[in-house]
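The values are calculated or read from the model by the stated rules, or taken from the named source; none is laboratory data. Please read these numbers as outputs of a predicted model, since none were measured by experiment. Here the Cβ is made from the backbone with ideal geometry for all residues, glycine too, and neighbour counts use every protein chain on show. Please note that ligands, DNA and RNA were not included when accessible areas were found on the heavy atoms of the full protein model with its side chains. Shrake-Rupley method; radii C 1.70, N 1.55, O 1.52, S 1.80 Å.
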There are 2 protein chains.
Amino acid sequence: MIKENLNIGLFGFGCVGEGLYQVLNESKLLNASIKKIVVKNKEKERNIGAENFSYNKYDILNDPDINLVVELIDDADAAFEIVKKAMEKGKHVVTANKKMVANHLEELIEIKKANGVSFLYEGAVCGSIPIIRNLEEYYNNDCLTSINAISNGTCNYILTRLDLEKASFAEILKDAQLSGFAESDPTLDIDGFDSKFKLSILIAHAFGVVVAPDEIINLGIRHIKEKDLTYAKEKGYKIKLISQARKIDNTIEAYVIPQFIAKDSYAFDINFEFNGVLIEAAFSDKQVFKGKGAGAFPTGSAVLSDISSLQFLYDYEYKKRHQDGLQLATDFLIKIFVSSANEKSLNDITLSTVEESYTSKNYAYKVGLINKSQLTYEFYSTHPELFIAVAAD
Amino acid sequence: MIKENLNIGLFGFGCVGEGLYQVLNESKLLNASIKKIVVKNKEKERNIGAENFSYNKYDILNDPDINLVVELIDDADAAFEIVKKAMEKGKHVVTANKKMVANHLEELIEIKKANGVSFLYEGAVCGSIPIIRNLEEYYNNDCLTSINAISNGTCNYILTRLDLEKASFAEILKDAQLSGFAESDPTLDIDGFDSKFKLSILIAHAFGVVVAPDEIINLGIRHIKEKDLTYAKEKGYKIKLISQARKIDNTIEAYVIPQFIAKDSYAFDINFEFNGVLIEAAFSDKQVFKGKGAGAFPTGSAVLSDISSLQFLYDYEYKKRHQDGLQLATDFLIKIFVSSANEKSLNDITLSTVEESYTSKNYAYKVGLINKSQLTYEFYSTHPELFIAVAAD
């Protein structure tokens, strides 16, 4: 068994980076040590001495002794430059930057192949849940039919509290921001962008199709009204932000849309900051993975596992890529629920069939099928009076 | 990427074998086909023609074109002979026989090494949950601290129904037997033997220690009384049969014992025939895997995934073996609950400390610490009046 000695150049020393630093110093089995750390901010106070840090990325990129770059910075554009350069210099790369991976996956795969290095990013999707590895290694035959995920801890935390407490979306969001469960600019999370970055990565490994995030529809949770929550409770449902990709013949039907979840769904029990993934495959029963989706430890453990497997020169193989002639479905029918305080505004959205409709003075909704092409983020973001969710099965 | 052509010799054509046969005929990505099927019973009616079957194991074992033996028969001793011989003849082996694997693991690892073949058995533990693969590939560093599993679907099915219905253990067991959720001889399942076969396999992959099943204590669920169920309900607990292994310094504390489970435990939500596994690791949050643990499809999907990965010549590496000087703890303290209809019989068991005790005319219990060496299957099976469970955390 080959066991590669890993000299690590670490970019970023936030909570994940610092935790990793500590664990690598403690772990006995790992043949890996951090040689250099590059950070951006010279002024920031840190728990280890300034002599450990450098502020010039080339101190790592040009160091021939460093054979692994671990990239843990926030800025997706800067991260892409670092990762690309590192691979071109023959260094393996581990990252947790979902936006960077999702937006450049095709190019990154080509670069890593051209340079004969490994490129791993388990920490980018669902934190401590080893979902990419399982898709790569375990569900690597053609039997996988669908993947369904709660992949954004911020949304799930907010939705769980909305289900349990008598408070508005704005109140819970504010509270989540104060307690660190939501960013000061929450758009990426609550409008579903983060979830669709993750979904596009999952689709690449689940079905072998590299999909630009822009091609996936994302409707977030921002428009939820109190009456929508009441409706859900009366029916015994919870509302969850679900990322879904399903193989139908030669296409993948994918979306990130809130969904009413009945008690018998795996998603009903995934609450607060937890993430969950449901895999369905022919000749297999439903398989559920549950774990914490974000934060220092969950993300750190995924990064650590990537590093650990690099000792054995592990790499993703994208075995399903270019097989089957699969592609993303551009249009398909979704059964949705759409509500508004104002009945008239429901006319702004065209259902192809209406199965239910309800009207009262202050609240109206319809349930029916819609063509996916009728739903866009642009439309939704300019219609804050509408709340749209996938109807329960 | 090497892609090995697999010519399969299949032993056994029960529900798993037959399902596998169908899927291999349908799947496009798999480079594998079943060349021969050997079964035992000539008289049994089957869904495919008799010309597909042979009744002589050497038709497979002596066929040089067959490079993979898939072993799916019930008899653990016969299975061992087949598997051993197949590997000695240079054939890879996939099996789902936990008893055979657990009882001969050390020897089987040596045989497979000596013959340069792969030996995979994901289907032997927790059906569709890819737990061995995850332990091998993802939790392959030294950070893993504990593994906790509900790994027997029969027990979990019975315990879930006992929790929901007003019926005795004997009644539910009988019903489970009639509906196919329990064997006519349920000993292996309900007395915890099946769970400890699985636990010993899990320990080998989680901690690198090969443990004979005989070295692990198993107390089953047979002695549960109605009053024990009432006690659990009053406290808001469920009773589950838990397999646990925990690393404490240089030892592994392992056991299979029923346990009172509080609402915040992962195990509380694993019900009926489902299995669940909880992994805990330093620098990682709790990671939960949930899926169906037995039956044609869950087991079949695990077998299929093993076959699929054999195309790429995958094999377990037992990376943690012989590291760390870890060994099974021979004695340690467990906090247990022990009850009886007859107070006096509680004196047959010696607690080292008593934290609670309750007595009434028809029911008495104690809660306290006990040395594991005081608990044996032999003692328990001769004291049906006692019910023993691990106390809730």
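Taking every DSSP beta bridge that has both residues in the protein assembly as shown, what percent is antiparallel when rounded to the nearest 5? All intermediate terms of the calculation are to be shown ahead of the outcome.
On the way: 95 of 141 bridges.
Antiparallel bridges: around 65 percent, rounded to the nearest 5.
Relative to the dominant Cα principal axis of chain A, helix A:153-164 is inclined by about 40°. Qualifying trypsin sites (Lys or Arg not before Pro) in region A:227-298, where qualification requires a DSSP coil assignment and no more than 13 other C-beta atoms within 10 Å, comprise A:263. From the Kirkwood radius over Cα pairs of region A:165-210, Stokes-Einstein at 37 °C and 0.692 mPa s returns a whole-number translational diffusion coefficient of 267 µm²/s. For region A:300-333, accessible area lost to neighbouring protein chains reaches 20 Å² or more, against the chain alone with a 1.4 Å probe, at A:301, A:304, A:305, A:308, A:312, A:317, A:319, A:323, A:324.
Give the Kirkwood hydrodynamic radius (Å, one decimal) of region B:250-389, defined as one over the mean of 1/r across all pairs of different Cα atoms.
Values: mean 1/r = 0.0527 Å⁻¹.
One decimal place: 19.0 Å for the Kirkwood radius.
State, as an integer percentage, the relative contact order of chain A based on alpha-carbon contacts under 8 Å between residues 6 or more apart. Could you put the intermediate results ahead of the total?
Working: 816 pairs, mean separation 70.5, N = 393.
Dividing the mean separation by the residue count of chain A yields 18 percent.
For region A:1-40, treating each Cα as an identical point scatterer without solvent, what Debye log10 I(q)/I(0) comes out at q = 0.19, 0.26 1/Å? Debye output, listed in q order: -0.56, -0.90.
How about region B:110-175: which trypsin sites (Lys or Arg not before Pro) there lie in a loop by DSSP and see at most 15 other Cβ atoms within 10 Å? Before the final figure, lay out each step's value.
Values: sites: B:112, B:113, B:133, B:161, B:166, B:174; in loops: B:166.
For trypsin sites (Lys or Arg not before Pro) across region B:110-175 that sit outside H, G, I, E and B with at most 15 neighbouring Cβ atoms in 10 Å, the list reads B:166.
Report the antiparallel proportion of the DSSP beta bridges in chain B as a percent, rounded to a multiple of 5. Beta bridges within chain B, antiparallel portion: roughly 65 percent.
Please report the relative contact order for region A:269-352, taking Cα pairs under 8 Å with a sequence separation of at least 6, and give it as a percent rounded to a whole number. Please report the intermediate quantities before stating the final value.
Numbers: 35 pairs, mean separation 12.2, N = 84.
It rounds to 15 percent for region A:269-352.
Taking only the alpha carbons of region B:94-147, we obtain Rg and Dmax values of 12.3, 33 Å in that order. Does region A:35-188 come out rounded, prolate or oblate by the C-alpha gyration tensor, with a ≥ b ≥ c the root eigenvalues, rounded set by a/c under 1.5 and, if not, prolate when a/b is larger than b/c and oblate if not? Verdict is oblate for region A:35-188.
Measuring between alpha carbons in the structure, the pairs from A:290/B:247; B:3/B:42; B:84/B:286; B:44/B:112; A:84/A:319 lying more than 28 angstrom apart are B:3/B:42; B:84/B:286; B:44/B:112. Placing a label point 7 Å from Cα along the Cα-to-Cβ axis, residue B:59 is separated from the same position in the other copies by 7.1 nm, shortest listed first. The simple spin-label model puts a point 7 Å past each Cα toward its Cβ; for residue A:369 and residue B:235 those points are separated by 5.3 nm.
Return the carbon/sulfur percentage of the accessible area of the protein assembly as shown, one whole number, probe 1.4 Å, all protein chains in place. On the protein assembly as shown, the fraction of accessible area on carbon and sulfur atoms equals 46 percent. The tail of the calculated P(r) for region B:215-305 beyond 19 Å holds 55 percent of all Cα-Cα pairs. Eigenvalues of the alpha-carbon gyration tensor of chain A, scaled by 5 and square-rooted, set the equivalent ellipsoid semi-axes at 39, 24, 18 angstrom, largest first. Accessible area per residue for chain B, computed on protein heavy atoms with a 1.4 Å probe, is 40 Å².
How much accessible area is lost when chains B and A come together, counting both sides, with a 1.4 Å probe, in Å² rounded to the nearest 100?
Working: alone 17750 and 17760 Å², together 31250 Å².
For chain B against chain A, roughly 4300 Å² becomes buried.
Label-to-label distances for residue B:383 across copies, nearest first, come out at 6.9 nm, using points 7 Å from Cα in the beta-carbon direction. Buried on complex formation within region B:14-38 (loss of at least 50 square angstrom of accessible surface versus the isolated chain, 1.4 Å probe, ligands and nucleic acids ignored): B:29. Work out the charge dipole of region B:134-257 with +1 on the Cβ of Lys and Arg and -1 on the Cβ of Asp and Glu about the Cα centre, then indicate which of B:148, B:162, B:257 is farthest towards its positive end. Of B:148, B:162, B:257, it is B:162. When chain B is treated as a Gaussian network with alpha carbon springs shorter than 10 Å, the biggest mean-square fluctuation among B:283, B:332, B:268 belongs to B:283. The overall shape of region B:1-113, judged from the alpha-carbon gyration tensor, is oblate: a/c is not under 1.5, and a/b is no greater than b/c. Take residue B:360, move 7 Å from Cα toward the beta carbon, and the resulting point lies 4.6 nm from the same point in each other copy, nearest first.
What number, rounded to the nearest 500 deg cm²/dmol, is the helix-based mean residue ellipticity at 222 nm of chain B, given -39500 (n - 2.57) per DSSP H run of at least four residues and division by all its residues?
Numbers: 12 runs with 125 residues, N = 393.
So the calculated ellipticity at 222 nm is -9500 deg cm²/dmol.
Relative contact order for region A:153-287: what is it in percent, counting Cα pairs under 8 Å that are at least 6 residues apart? Value for region A:153-287: 27 percent.
An oblate overall shape is assigned to region B:69-112, the ratio a/c of its alpha-carbon gyration tensor axes (a ≥ b ≥ c) being 1.5 or greater and a/b not exceeding b/c.
With N residues in the protein assembly as shown, what two-decimal value do you get for its Cα radius of gyration over 2.2 N^0.38 Å? Don't skip to the end; give the middle numbers.
Details: Rg = 27.3 Å, N = 786, 2.2 N^0.38 = 27.7 Å.
It is 0.99.
Between helix B:98-115 and chain B there is an angle of about 40 degrees, using the helix long axis and the longest principal axis of the Cα atoms.
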